[in-house]
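J.: One structure, as structure tokens, below. Some questions next.
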Amino acid sequence: MDPFSEELLPFVIAGFIIAFVLAFGVGANDVANSFGTSVGSGVLTLRKACLLATVFEVLGAILIGYKVSDTVRKGILDVSLYNNTEKELMLGSLAALGGSAIWNLVATFFKLPISGTHTIVGATVGFSLCARGFDGVNWTTFGKIVGSWFISPVLSGIMSGTIYLLLNHFILKKEKPLEPGLKALPFIYGLTLLVNVFSVVHDGPRMLHFDVIPWWGAVITSLGVGFLTALFVQCILVPRQRKSIEAELSKAASKQDHEVKFTFESADNSRSPTPPGQELSVIEKGVSPTTYTFNNSASETNGYIPAETKSNLLGNGLNNTCPSSQSLGITHNSSQVPLVNTNQVKIVSMDELTDKKESETDRPEIKGLFSFLQILTATFGSFAHGGNDVSNAIGPLIALWAIYTEGSVAQSSPTPIYILLYGGIGISVGLWVWGRRVIQTIGEDLTKVTASSGFTIEIGSAFTVLLASKAGLPISTTHCKVGSVVFVGWAKSSRQGVDWGLFRNIVIAWVVTVPLTAGISALLMLILQIAFL
């Protein structure tokens with residue numbers, strides 16, 4: 001067909017509209033992966049996370065998004081089968097956009113973090129099966145993509161879990177973690193920037209002429225940036241961090257001393273007889289769980305306080321560690337107190353309680369060290385996501401535009417920067433309007449995230465996504481992030497640290513995504529064929 005044919009213009013306009021809806025869905029669902037852990041750990045507000053994601057999603061889309069978009073729009077299909085039937089391929093692209101958009105919006109409504117890559121690949125295969133049967137799909141490329149869906153969460157999880165275990169051994173578990181943590185900061189910052197810069201410079205965007213830089217030039221550039229970053233952190237940031245954290249620790253220590261003094265003074269003043277009907281907590285706030293209070297007054301209680309209810313016994317969130325009075329069978333008569341039944345009582349040591357608390361919260365000095373690092377790596381992850389997943393939103397749109405401007409299914413022209421920008425804007429709008437839904441699932445519901453564990457989740461998944469983007473392989477950022485969250489949650493606080501029921505629901509959503517979007521896309525393709533061919 002002739003380039004810029006008026007007959008094809010309505011399909012292009014419809015493609016831009018549906019692609020924006022799809023980008024909206026991808027932003028609402030997938031972008032939450034980038035900053036979900038930062039919001040969940042409390043180091044970023046939702047508003048700040050959205051602001052950072054808007055900037056770096058768009059930058060990632062423009063600077064490194066072109067490679068994956070080429071795979072999505074013409075790597076999965078055998079486009080030569082559509083020679084002289086350009087209009088049919090354009091209808092197929094519309095069907096793929098529509099099928100993917102519908103499932104993205106439905107999954108986001110139910111707060112399920114699905115894969116944008118799954119949806120667009122499944123939808124593309126669906127319309128092709130309807131239009132050309134099994135011959136229309138490049139099954140070798142499709143097999144590689146599907147394989148990456150299963151490999152990427154494991155690789156990402158292993159990477160994040162390994163980083164967490166190393167940090168835990170060398171920094172987090174130390175009696176005084178501040179000094180080893182400060183020593184590690186230059187290396188961590190330098191490595192993060194090194195990988196980020198290499199991903200942009202190596203075989204980078206033509207608009208910046210990065211494509212002419214040889215691989216060794218990209219290596220030298222990234223090493224130089226990493227070294228300068230490490231030097232800056234060592235000379236400028238580390239002294240400031242040390243001063244700031246030590247001031248916070250001193251302030252916290254003074255406050256704690258005041259609270260302890262107040263607690264003991266209150267205890268001394270409360271040694272008067274207590275009316276028999278008044279309830280007393282066995283474990284008081286600020287008092288060791290091994291300290292018990294007895295009623296000294298002579299009364300029908302025979303000198304002992306009756307067993308409290310479960311909620312009173314366990315003020316301060318320790319409900320699950322002690323039994324109620326009913327389970328113990330304690331009555332007002334002390335002679336009726338039975339021997340402890342070990343089948344009903346769970347004995348929890350102070351060390352276990354401390355480990356549980358530390359697995360859910362960071363110590364002040366650790367939080368101070370890793371808060372900004374988590375923001376940096378989340379930004380890094382957002383950039384990687386923009387480079388990989390913007391293609392899920394606008395890959396078929398680029399195919400539509402290329403066919404319209406070239407009049408051929410070959411799509412030989414490079415991916416236009418302005419369409420990548422358009423996709424990045426649509427993704428950002430979706431994040432602002434609806435992103436909080438999946439952010440809660442990733443950052444809060446699946447496991448308890450802290451600044452230190454959130455950093456390892458972000459850095460491991462971002463590395464995995466960036467490497468795949470440079471290889472032109474559209475892996476799932478959702479799979480990478482969820483894999484990292486699960487592995488780190490497990491490493492951090494054992495098997496109980498992960499909501500396995502929620503994880504099961506997420507995996508089910510992953511499994512049904514490809515066949516579901518393929519079916520929706522095939523149905524839309526059938527309708528479009530009847531209407532326009």
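The values are calculated or read from the model by the stated rules, or taken from the named source; none is laboratory data. Nothing here was measured: the structure is a model prediction, and the numbers come from that model. A quick note on method: Cβ atoms are made from the backbone with ideal geometry, for glycine too, and the neighbour counts reach across all protein chains shown. In case anyone asks, the SASA skips ligands and DNA or RNA and just uses the protein heavy atoms, side chains included. Shrake-Rupley method; radii C 1.70, N 1.55, O 1.52, S 1.80 Å.
J.: With every protein chain left in place, what is the accessible area per residue of segment 491-533 in square angstrom, probe 1.4 Å? Mind showing how you got there, number by number?
T.: On the way: 2370 Å² over 43 residues.
It amounts to 55 Å² per residue over segment 491-533.
J.: Specify which residue in the list I419, G430, V485 is farthest towards the positive end of the charge dipole of segment 377-533, using unit charges on the beta carbon of Lys, Arg (+1) and Asp, Glu (-1), about the Cα centre.
T.: V485
J.: Where only protein heavy atoms count, and the probe is 1.4 Å, what is the accessible area per residue for segment 366-477 in Å²?
T.: Details: 2650 Å² over 112 residues.
Value for segment 366-477: 24 Å² per residue.
J.: Within the P(r) computed for segment 370-506, what percentage of the Cα pairs occupies the region above 23 Å? Don't skip to the end; give the middle numbers.
T.: Details: 4010 of 9316 pairs.
Value for segment 370-506 (Cα pairs over 23 Å): 43 percent.
J.: Would you please name the trypsin sites (Lys or Arg not before Pro) within segment 170-246 that are DSSP coil residues with at most 12 other C-beta atoms within 10 Å of their C-beta? Mind showing how you got there, number by number?
T.: Values: sites: K173, K174, K183, R206, R240, R242, K243; in loops: K173, K174.
Within segment 170-246, the qualifying trypsin sites (Lys or Arg not before Pro) (loop, at most 12 other Cβ atoms within 10 Å) are K173.
J.: Which entries of K111/K183; K144/K448; K176/K492; K48/K492 show an alpha-carbon separation above 29 angstrom in the structure shown? Intermediate results must be reported in sequence, preceding the final value.
T.: Details: K111/K183 40 Å; K144/K448 33 Å; K176/K492 19 Å; K48/K492 27 Å.
Result: K111/K183; K144/K448 exceed 29 Å.
J.: Keeping the other protein chains in place, figure out the carbon and sulfur percent of the accessible area of segment 101-145, with a 1.4 Å probe. It would help to have the intermediate numbers written out before the result.
T.: Working: 1120 of 1610 Å².
Of all accessible area on segment 101-145, carbon and sulfur atoms account for 69 percent.
J.: Hey, another quick one. Using a probe of 1.4 angstrom, how much of the accessible area of segment 198-237 is carbon and sulfur, in percent? Before the final figure, lay out each step's value.
T.: Working: 1980 of 2530 Å².
Its accessible area is 78 percent carbon and sulfur atoms.
J.: Which residue, chosen from I506, A518, Q529, occupies the Cα position most advanced towards the positive end of the dipole of segment 376-529, where the dipole is computed from +1 (Lys, Arg) and -1 (Asp, Glu) charges on Cβ about the Cα centre?
T.: My answer, from the dipole projection, is I506.
J.: Another one. Determine the per residue accessible area of segment 72-137 with all protein chains present and a 1.4 angstrom probe, expressed in square angstrom.
T.: On the way: 1840 Å² over 66 residues.
Result: 28 Å² of accessible area for each residue.
J.: Take the alpha carbon gyration tensor of segment 83-146, find the square roots of its eigenvalues, order them as a ≥ b ≥ c, and report rounded if a/c is under 1.5; if not, report prolate when a/b exceeds b/c, else oblate.
T.: Values: a/c = 3.28, a/b = 1.57, b/c = 2.09.
Oblate shape, in that a/c is at least 1.5 and b/c is the bigger or equal ratio.
J.: Can you find, among A14, G122, V55, the residue sitting farthest towards the positive end of the charge dipole of segment 1-160, where Lys and Arg contribute +1 and Asp and Glu -1 at Cβ?
T.: Towards the positive end, the residue furthest out is V55.
J.: Give me the percent of the accessible area of segment 399-533 that comes from carbon and sulfur atoms, probe 1.4 Å, all protein chains in place.
T.: Numbers: 3380 of 4850 Å².
In segment 399-533, the share of accessible area belonging to carbon and sulfur is 70 percent.
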